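Accompanying notes for the structure given below.
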Amino acid sequence: MISANSPITPSTARLAAGTPLRPQYQGKKGPVQVVITRHCRERFRERWARAFPHRPLCADIDAEITNRFNRATRISHRGVHEKRRMARHGRDTLYFRADNFTFIVQDAVIVTVELNERGMRHLNRAGLAA
């Protein structure tokens, strides 16, 4: 919902016009549109419920993922944790971080999303009750 006090940006202008937003990031040759997988939607919904049990997720999960992804910044440093991730996901994988979430992108597809906030990372593991 756009309020009267919200700044007009390209994304809010598209929302006002009714045009759906597309997740994208800025690549070397220009904007790259990405696709959201079913797995990503499921993990986002699951991890949102674990991290924020008293804040219900909006009905349009694609819009929520797109909004957060479009605000995300690319993780470029390669610490010990990132090197372990590269071994798991492969060298062609890009990582983007926004708010409490890390988006994992391979070949212009958001394959999954993880919680990255200290004190919440344990909620990424399977087998925990939602």
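The values are calculated or read from the model by the stated rules, or taken from the named source; none is laboratory data. This structure is a prediction, so every number in the text was calculated from the model and none was measured. All Cβ positions, glycine included, derive from the backbone under ideal geometry; neighbour counts span all protein chains shown.
Within region 24-48, restricting attention to residues that are in a strand (DSSP E or B) and in contact with a strand residue (DSSP E or B) (Cβ under 8 Å, 6 or more places away or on another chain), the residue that is nearest to residue 97 (Cα to Cα) is 25. I'd like to check something: does region 49-61 contain any residue that is of a type outside the set (Gly, Ala, Ser), part of a helix (DSSP H, G or I) and at pLDDT 85 or above? The answer is yes; a qualifying residue exists.
The residue that is modelled with the lowest pLDDT, among those in region 62-80 that are of a type outside the set (Lys, Arg) and under 14 Å from residue 104 (Cα atoms), is 76. List the number of the failed condition for residue 112; all other conditions in (1) touching a Cys at 6+ places or on another chain (Cβ under 9 Å); (2) outside any helix (DSSP H, G or I); (3) modelled with pLDDT of 90 or more hold. Residue 112 satisfies every listed condition except (3).
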